[in-house]
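Worksheet: the structure to be examined is printed underneath.
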Amino acid sequence: MTAAPAVRHRTFAALTIPNYRRYLVAQLSTGMGFWMTRLSQDWLVLEMTGGSGIAVGIATSLQFLPFILITPWAGVLADRISRRTMVVTAQVGLVIAALALLAALLLGVATLPVIYAVALVTGALAALEQPARQALVADLVGPDSLVNAVGLNSVAFNLARITGPALAGLLLAGAGAPVVFGVIAALFAVACGALASLRHIPSPPDPAGSRPTLREALTVVRERRDLGLVLALVFVVATFGLNYQLTTGLMSTVEFGGGPAALGILSTSLALGALVGSLLAARRVAVPLRLVFVAALAFSAATIIAGLMPTWPTFALALPVAGLCAMTFTTSAQSYLQVNTPADMRGRLMGLYTMLFFAGTPLGAPLIGLLSDALGPRIGLVGGGAATLVGVLVLMALLRRWRAQTEDSA
């Protein structure tokens, strides 16, 4: 394994490792393709149905439901076979899915069921590769640069989230949907080539020589209370707090009466804060458990404060802080899990992390939506932040209790 240089505090230290540079190219290309796909599919559905929100909701659910159903088992597979093989295979599938929709558009057979089918396949392929992609980072950079690499992954994710939808929107307006999906296929192909070029990746050790199982991972989570509490924290924050796509839209349109341009500015404001949070995360050398919980508390407070902002400009100014806190939490939680998980079990733990992270959205978003419809968007945002805060405080109490028990038994 290639080691990173001794200078650890540089924000971009992991980029000195050739394998990781290739990996990050793939990460950025895949991210852009994913966000372009999501926006373009939603636009096609809206165009075909005359603006049906329910139809768009079905497309979104089909794309994200596989993350809940597949990722735990994909994590098991990531500990059994080559992680590079998994991500390359999934990338090839994503290229084929994009080309299939491109062909359907050119042939005039891109009906709503066809778009739904492509959304489901795309979501399933992304879910299949996600645990392997996350676990692969440690294989590429080693423990000394792992925290830095996780932070840089978040930088790539946020750059893709900013540039992908913007590029898709410009291409949809100027060139049409077929061109968009041609570009998406090319981006997935670039990622496939970058991942296929990775060299000399060590296989995770398997001291027992047995086939990895999901039950083993659950046993580790039960025995290692710190890992279990971090996973529980991820679920709480994702369920009640990380619903900004919904709450920002409601605050902009319903509370402040803004149009599409105003919503676009708010989304960019949130994403820029998240990008800064990613860059700060990349500077860290280690992630203590305390940081994970403090970041969750800070995010809860930032969400509540954003919901209390009286005007659109003050709300826009509060969103970067919320985005920074959100990214600080997600990067610290994932880094803590990656660093403290045995190498031969990292794929399964990342599978559980991904499942809990994505499971929160279909559970929490409808609750926040109902609260917003009944009492107003401001109450929905504040209520989500308050629920997150309560959950974090409960888990902090459990952490203190566990530590006290550990000290008593020592």
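The values are calculated or read from the model by the stated rules, or taken from the named source; none is laboratory data. Predicted model, so just to flag it, every value in this text is computed and none were measured. Don't worry about glycine lacking a Cβ; one is built from the backbone with ideal geometry, like all the others, and counts go over all protein chains shown. Surface accessibility is based on the protein's heavy atoms, side chains included, excluding ligands, DNA and RNA. Shrake-Rupley method; radii C 1.70, N 1.55, O 1.52, S 1.80 Å.
Details
- With respect to being over 29 Å from residue 73 (Cα atoms) and either open to solvent by less than 10 Å² (accessible area, probe 1.4 Å) or at pLDDT below 95 (or both), residue 369 fits the description.
- The set of residues in region 28-63 that are assigned to a helix (DSSP H, G or I), open to solvent by 50 Å² or more (accessible area, probe 1.4 Å) and free of Cβ contacts under 8 Å to residues at least 60 places away in the same chain comprises 46, 47, 53, 54, 58.
- Here the helices (runs of 4 or more DSSP H) wholly within region 241-332 that include at least 2 residues being at pLDDT below 85 and more than 30 Å from residue 14 (Cα to Cα) are 244-250, 260-282.
- Conditions (1) part of a helix (DSSP H, G or I); (2) of a type outside the set (Val, Ile, Thr); (3) open to solvent by 30 Å² or more (accessible area, probe 1.4 Å): number failed by residue 385: (3)
- Scope region 130-184; condition modelled with pLDDT under 85, open to solvent by less than 50 Å² (accessible area, probe 1.4 Å) and in contact with a Gly (Cβ under 7 Å, 6 or more places away or on another chain); matching residues: 164
- Failed criterion for residue 11 (all others in (1) surrounded by fewer than 21 Cβ atoms within 10 Å (Cβ to Cβ); (2) part of a helix (DSSP H, G or I); (3) in contact (Cβ under 8 Å) with a residue 40 or more places away in the chain hold): (2)
- Single match in 293, 256, 299 (criterion: in contact (Cβ under 8 Å) with a residue 24 or more places away in the chain and in contact with a Leu (Cβ under 8 Å, 6 or more places away or on another chain)): 293
- Unmet requirement for residue 199, which otherwise passes all of (1) part of a helix (DSSP H, G or I); (2) more than 20 Å from residue 95 (Cβ to Cβ): (1)
- Pairing each residue of region 120-147 that is over 16 Å from residue 87 (Cβ atoms) and of a type in the set (S, T, N, Q) with any residue that is in a helix (DSSP H, G or I) and open to solvent by less than 10 Å² (accessible area, probe 1.4 Å), provided the two are 6+ apart or on different chains, yields C-beta distances under 8 Å for 145/13; 145/14; 145/20.
- Screening residue 221 against (1) open to solvent by 20 Å² or more (accessible area, probe 1.4 Å); (2) of a type in the set (Val, Ile, Thr); (3) under 30 Å from residue 36 (Cβ atoms); (4) in contact (Cβ under 8 Å) with a residue 24 or more places away in the chain leaves a single unmet condition, (3).
- Within the span defined as region 46-66, every residue fails to be among the acidic types (Asp, Glu), within 30 Å of residue 235 (Cβ to Cβ) and at pLDDT below 90.
- All of (1) modelled with pLDDT of 90 or more; (2) within 20 Å of the chain's Cα centre (by Cα) hold for residue 395 with one exception: (2).
- Where residue 110 falls short, out of the listed (1) open to solvent by 10 Å² or more (accessible area, probe 1.4 Å); (2) in a helix (DSSP H, G or I): (2)
- Scanning region 73-96 for residues being in a helix (DSSP H, G or I) and surrounded by 24 or more Cβ atoms within 10 Å (Cβ to Cβ) gives a total of 9.
- Of the residues making up region 385-398, at least one is under 24 Å from residue 158 (Cα atoms) and touching a residue at least 40 places away in the same chain (Cβ under 8 Å).
- Residue 362 being within 24 Å of residue 277 (Cα to Cα), part of a helix (DSSP H, G or I) and in contact (Cβ under 8 Å) with a residue 24 or more places away in the chain: no
- Members of region 90-117 that are of a type in the set (Val, Ile, Thr) and free of Cβ contacts under 8 Å to residues at least 24 places away in the same chain: 96, 109, 114
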